[in-house]
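Every number here is computed from the coordinates shown, using simple stated rules; none is lab data. As the structure is a computational prediction, the values presented were derived from the model and not from experiment. Positions of Cβ are generated from backbone atoms using ideal geometry, with glycine treated the same way; all protein chains shown enter the neighbour counts.
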């Protein structure tokens, strides 16, 4: 089993790139823990090509669940349909591909609450000012989940 963090989002659409920004910030630290970090952006075919049967994955993405910007919502990838009322631009397509192609892949969606999605290179002020805290929370979540699986 390999553990992989897959960051998706569009960096040209403001906060939609939060998953990419966090992954870039924590990449070195996670790789020291033998966790592969994949910057997938909006290329789901690339993301799928990097997944293997038996992998344990964390998908980092900006999401809108009506919470405070920067808050993190976890959802097991096999249970994502229970979140139908909420919105995340990327999770639905990628998770459909995972469910179609892999029966033995488990993990979590790590949805990072967004503030503003618009044509803009860079994060909103609220996310940019809290990127360090969001990154630390993300590392702690990944490590905690993996520790509880041992």
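Got the relative contact order for the chain handy, in percent, Cα pairs under 8 Å and 6 or more residues apart?
Working: 286 pairs, mean separation 50.5, N = 150.
The value is 34 percent.
Roughly how far apart, in whole Å, are the Cα centres of region 44-64 and region 125-150?
Measuring centre to centre over Cα atoms gives 17 Å.
Output the 0 to 90 degree angle, nearest 10, between the alpha-carbon long axis of helix 18-32 and the longest principal axis computed from the alpha carbons of the chain.
Approximately 50 degrees, to the nearest 10.
Under the rule of -39500 (n - 2.57) per DSSP H run of 4 or more residues, summed and divided by the residues of the chain, what mean residue ellipticity at 222 nm is obtained, to the nearest 500 deg cm²/dmol?
Per the formula, -11500 deg cm²/dmol.
If you rank 13, 1 by fewest surrounding Cβ atoms within 10 Å, what's the result? Can you show the working numbers first?
Details: 13 18, 1 11.
Lowest count first: 1, 13.
Rounded to the nearest 5, what % of the DSSP beta bridges within region 3-149 are antiparallel ones? Mind showing how you got there, number by number?
On the way: 6 of 25 bridges.
That works out to approximately 25 percent antiparallel.
From the P(r) of region 3-149, could you give the percentage of C-alpha pairs in the tail past 26 Å? Can you show the working numbers first?
Numbers: 1705 of 10731 pairs.
Everything past 26 Å amounts to 16 percent.
Give the angle, between 0 and 90 degrees and rounded to the nearest 10, that separates the Cα long axis of helix 91-101 from the longest principal axis of the Cα atoms of the chain.
10
Based on the alpha-carbon gyration tensor of region 1-47 and its eigenvalue square roots a ≥ b ≥ c, which shape applies: rounded if a/c is under 1.5, prolate if not and a/b is larger than b/c, or oblate?
Details: a/c = 3.67, a/b = 1.53, b/c = 2.40.
Verdict is oblate for region 1-47.
Determine, for each peptide in 17-29, 116-128, the mean count of other beta carbons within 10 angstrom over its residues, then list the peptides with the highest first.
Values: 17-29: 21.5, 116-128: 15.1.
Ranked from most to least packed, the peptides come out as 17-29, 116-128.
Measure nothing fancy, just the Cα-based angle from helix 131-149's long axis to the longest principal axis of the chain, in degrees from 0 to 90, nearest 10.
20
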